[in-house]
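**Student:** Following this message is one structure expressed as C-alpha cells.
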There are 2 protein chains.
Amino acid sequence: MSSAKKALELLSYFSISRPEIGLSQLCRIAKRDKATTYRHLQSLENAGFIEQNALTKQYRLGPAVMQLAQIREATVPRKEGARHALTALADATGETAHATVLSGQTLYGLCECESPRHAIRAVIDLNTFPLHATASGLCALAFGPEDLLCVAAQDLERFTANTPTDTDGLTSLVDAARATGIGRAYKSYAEETYGLSAPVFDQTGQFAGAVAVASVATRFTPKLEQTILAELIIAAREITRNWGGVIPAHVEAAWALSVKKSNAMEPAS
Amino acid sequence: MSSAKKALELLSYFSISRPEIGLSQLCRIAKRDKATTYRHLQSLENAGFIEQNALTKQYRLGPAVMQLAQIREATVPRKEGARHALTALADATGETAHATVLSGQTLYGLCECESPRHAIRAVIDLNTFPLHATASGLCALAFGPEDLLCVAAQDLERFTANTPTDTDGLTSLVDAARATGIGRAYKSYAEETYGLSAPVFDQTGQFAGAVAVASVATRFTPKLEQTILAELIIAAREITRNWGGVIPAHVEAAWALSVKKSNAMEPAS
DNA sequence: AAACAACGGTTCGTTATATGAACCACCAAC
DNA sequence: GTTGGTGGTTCATATAACGAACCGTTGTTT
C-alpha cells in the first residue's frame, strides 16, 4: 500500500461521533505503528488537513478540507442540488432522508436530513456505505457500473442476521432493486432500521448516487411504505434534474409498477 | 519530501478558477514526473479525494472532501461562526469581506462574501494567504505565534511593487498592525486592491484567524476607511465571540486609538 | 491520408524513502 | 516512587517511490 494512501486513510477515522483523536488512540484504531502514524499525521498537518488541539494534543480535521469542499461544491454542486429534495422528503415521510454519491467503486454519504416528527429516528453517520447491506448500496449495484457487483461480492461483511453474505443472496436483492427501481435494506445494516432508496443519475447518463429514507423498522407499515415510495421517486426525479441527468426509461417503468402494486395493497389512503 | 505530502500537495492546485485538471497539465503545474503524479492521483482517487470526469478524463475534487468538511465544521464551526458577521460586513461596507483561519504556520481562506453594491469588486480565490503581503497575513504576524514572523521572513515573494521584500519593510508593517490592531495591505498583494483586516481569537486565547475587507484601491477614501474600520472591529468581536474567544485588552485599546484617529481625520460623517 | 503532437496510462531497473522496535521525556494515579 | 499512559524521536533495515522511456489513442495539421 502506498504511503499516500495510508496517510489519507487516517482521515477516514475522524467522524462526527469521534471528531478528535490522539496519536496512540489512532494507532490502535488504524492498527499501525506509532512512528509511522506520527509521520503521516505530520504530513497531513503540514497540508492543513488536520490540526492539533493545543490543549489536549489530540488531532482533528483542519481548515484545508473546508476549502476543498468549497471548490468541490462549486465545481459539482451535488449537495446544493440535493438539499431541497431531501428536506422535502424528510418532511413528507417524517423519517431521516439522506443522499449518497458514487465515486469510483465507493459510495459516499453526501448529506443527511432528519425529520423532527419522531423522537426515535435513524441518524446517518456520513461515511462510506457498504454496497451489499444498505438500500443505497443496492441501488448502486443495480443501476451503477457492472464491475461494482464483483467488487461488492468480494467483501460481504455481516452486520446483522439479515445481511446477505453470499453471492446468491446479494444478487437476488439486486435483481429485486432492478425490477422495482427501489433498493431495500430490511434490517440488513442495522438491527432496527428499514432503508428504501432510489437511484439518481447525472449528465453523463450514468448512475451518480442514490437518495434514501432510513426508517425505524418497528413503525414500518404498508401505509408508510407507500408514502415513502411516492416521495422517494419525487426526490430522485428532482435531484437527477438538478444534477443534470435524466431518469432512464426502464427505471421510470419499474417505478410505475412499484407504485401501482403498492397502491393495490393499501388502496385509498 | 514524503510521498504523502507530495500527493496532498496536488490537491492544492485545484481551485474555483481551475476546478478540473488533466494529468499532463497537472504535471506541468506541479513540475513533477508523469508516472509519479499519476500514481499519486490514483491514491487520491482511491480515497475519494478526487474523481475523474468520465468524459474529459480530467480530474476534479471528489466527494470525500465534502464529508470531511462536514465533520470539521461540526467539530469546529468556524464558518458558521463567521457567516453572519461577514455578510453584515460586506453589506455595511459595500466591499468584499472574507475570513481566514490560522492552522500551524499557514493562513487558510475560510469563506468569502461579496457585496453587490459595485460591479468592480475584489474576489477572493480561497487559498492559502501569503503572510507578508495580505492584510490578514499581517494580522497573523502581529497577533499570532512569534515564530510565524521568522517563517514569513524566509519567503518574501514579490507580488507587486508594494510588496515588502525585506525584513525591515515587513517588520514595520507588522509593528503598524500591532499599534493599530488592524492589518493593512495597500496594493501589496494585487495592484488594485486595498485590504484591511482585524484579528480574531478562539477559546485557547490564541490568535485564530482574521476577518478582512478587500476594497478596490481607486475608490478608497478616508470616509470609506472609517466605515470599514468600524465595521471590521464589530465583525472581529462577533466572530471572536462565536469562536469562543475574547479580544485581548491591548487589541481593544489599539482599536480604540485607531477609530479615534480615523474620526479625527474625517470628522462628522 | 500521412504525419505530427499531445494526451492518458504503463513498464522496469535504480535508488531514495518509509518503516517500526526500542527509545525518551512527561504526566497522572495510586 | 513505581506504574501505565501519553506524545514524540532515533536509526539500521527493507520496501516502495521514482522517472526515463515506452505504448496506444485521439484530434489536429499539413
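**Student:** Among the strands (runs of 3 or more DSSP E) confined wholly to the stretch B:30-111, which include 1 or more residues that are of a type in the set (Lys, Arg)?
**Tutor:** By residue number, B:59-61.
**Student:** What's the number of the only condition in (1) within 13 Å of DNA strand D (Cβ to nearest atom); (2) within 7 Å of another protein chain (Cβ to nearest Cβ) that residue A:74 fails to meet?
**Tutor:** Residue A:74 satisfies every listed condition except (1).
**Student:** Another one. Looking at (1) away from DNA strand C (no atom under 14 Å from the Cβ); (2) under 20 Å from residue A:75 (Cα atoms), which is the one condition that is false for residue B:60?
**Tutor:** Every listed condition holds for residue B:60 apart from (1).
**Student:** So, in the stretch A:170-186, how many residues would count as being crowded, with 17+ Cβ neighbours inside 10 Å and more than 14 Å from the chain's Cα centre (by Cα)?
**Tutor:** Residues meeting the conditions: 8.
**Student:** Can you find even one residue in the stretch A:194-204 that is modelled with pLDDT under 95, of a type in the set (S, T, N, Q) and open to solvent by 40 Å² or more (accessible area, probe 1.4 Å)?
**Tutor:** yes
**Student:** Would you call residue B:156 open to solvent by 20 Å² or more (accessible area, probe 1.4 Å) and more than 11 Å from chain A (Cβ to nearest Cβ)?
**Tutor:** Here the answer is yes, as residue B:156 does meet what is asked.
**Student:** Let me ask another. Look through the stretch B:20-51, keep the residues that are among the polar types (S, T, N, Q) and more than 11 Å from DNA strand C (Cβ to nearest atom), and return whichever of them is least open to solvent (accessible area, probe 1.4 Å).
**Tutor:** B:43
**Student:** So if I check each of A:80, A:45, which one is out of contact with any helix residue (DSSP H, G or I) (no Cβ under 7 Å at 6 or more places or on another chain), within 22 Å of residue B:50 (Cβ to Cβ) and acidic (Asp, Glu)?
**Tutor:** Exactly one residue qualifies, and that residue is A:45.
**Student:** Restrict the check to the stretch B:250-257 and report whether at least one residue is aromatic (Phe, Trp, Tyr) and open to solvent by 40 Å² or more (accessible area, probe 1.4 Å).
**Tutor:** So far as the stretch B:250-257 goes, no, none of its residues is aromatic (Phe, Trp, Tyr) and open to solvent by 40 Å² or more (accessible area, probe 1.4 Å).
**Student:** A further question on this structure: Can you work out which of the residues in the stretch A:26-38 that are more than 24 Å from the chain's Cα centre (by Cα) and more than 11 Å from DNA strand D (Cβ to nearest atom) is nearest to the other protein chains (Cβ to nearest Cβ)?
**Tutor:** Per the stated criteria, the residue is A:32.
**Student:** Go through the stretch B:220-246 and give me each residue that's outside any helix (DSSP H, G or I) and open to solvent by 30 Å² or more (accessible area, probe 1.4 Å).
**Tutor:** Hits for the stretch B:220-246 are B:220, B:221, B:244, B:246.
**Student:** Additional query: Going through the stretch A:215-269 one residue at a time, which ones are of a type in the set (A, V, I, L, M), closer than 16 Å to residue A:88 by Cα and at pLDDT 95 or above?
**Tutor:** Those that are of a type in the set (A, V, I, L, M), closer than 16 Å to residue A:88 by Cα and at pLDDT 95 or above: A:228, A:229, A:230, A:232, A:233, A:234, A:235, A:236, A:239.
**Student:** Moving to a separate point now. Quick check on the stretch B:89-112. Is at least one of its residues in contact with a Cys (Cβ under 8 Å, 6 or more places away or on another chain), under 30 Å from residue B:144 (Cβ atoms) and at the interface with another protein chain (Cβ under 10 Å from one of its Cβ atoms)?
**Tutor:** Among the residues of the stretch B:89-112, not one is in contact with a Cys (Cβ under 8 Å, 6 or more places away or on another chain), under 30 Å from residue B:144 (Cβ atoms) and at the interface with another protein chain (Cβ under 10 Å from one of its Cβ atoms), which makes the answer no.
Residue by residue, here is whether (1) more than 13 Å from DNA strand D (Cβ to nearest atom); (2) in contact (Cβ under 8 Å) with a residue 12 or more places away in the chain holds:
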{"position": "A:1", "(1), (2)": "no, no"}
{"position": "A:24", "(1), (2)": "no, no"}
{"position": "A:40", "(1), (2)": "no, yes"}
{"position": "A:69", "(1), (2)": "yes, no"}
{"position": "A:80", "(1), (2)": "yes, yes"}
{"position": "A:86", "(1), (2)": "yes, yes"}
{"position": "A:112", "(1), (2)": "yes, yes"}
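**Student:** For the subset of the stretch A:52-66 comprising residues that are open to solvent by 20 Å² or more (accessible area, probe 1.4 Å) and within 7 Å of chain B (Cβ to nearest Cβ), which member is nearest to residue B:64 (Cα to Cα)?
**Tutor:** A:60
**Student:** A further question follows. Conditions first: (1) assigned to a loop (DSSP other than H, G, I, E, B); (2) within 14 Å of another protein chain (Cβ to nearest Cβ); (3) of a type in the set (A, V, I, L, M). Residue B:119 passes all but one, so which condition is the exception?
**Tutor:** With respect to (1) assigned to a loop (DSSP other than H, G, I, E, B); (2) within 14 Å of another protein chain (Cβ to nearest Cβ); (3) of a type in the set (A, V, I, L, M), residue B:119 is out only on (2).
**Student:** Going by the conditions given, is residue B:74 without any contact (Cβ under 8 Å) to a residue 40 or more places away in the chain and more than 20 Å from the chain's Cα centre (by Cα)?
**Tutor:** yes
**Student:** If you don't mind, another one. Go through the stretch B:12-29 and report how many residues are of a type outside the set (A, V, I, L, M, F, W, C) and not in a loop (DSSP other than H, G, I, E, B).
**Tutor:** The qualifying residues number 4.
**Student:** Looking at the stretch A:4-19 only, could you name the residues that are open to solvent by 40 Å² or more (accessible area, probe 1.4 Å) and either more than 7 Å from every other protein chain (Cβ to nearest Cβ) or within 13 Å of DNA strand C (Cβ to nearest atom) (or both)?
**Tutor:** Result: A:5, A:6, A:9, A:12, A:13, A:17, A:18.
**Student:** Which of the residues belonging to the stretch B:181-216 are over 21 Å from residue B:147 (Cα atoms), out of contact with any Pro (no Cβ under 8 Å at 6 or more places or on another chain) and among the polar types (S, T, N, Q)?
**Tutor:** Once the filter is applied, which keeps residues that are over 21 Å from residue B:147 (Cα atoms), out of contact with any Pro (no Cβ under 8 Å at 6 or more places or on another chain) and among the polar types (S, T, N, Q), the stretch B:181-216 yields B:193, B:215.
The values are calculated or read from the model by the stated rules, or taken from the named source; none is laboratory data. No experiment lies behind these values; they were computed from the predicted model shown. Cβ sites come from the backbone with ideal geometry, for glycine too, and all protein chains shown count toward neighbours. In case anyone asks, the SASA skips ligands and DNA or RNA and just uses the protein heavy atoms, side chains included. Shrake-Rupley method; radii C 1.70, N 1.55, O 1.52, S 1.80 Å.
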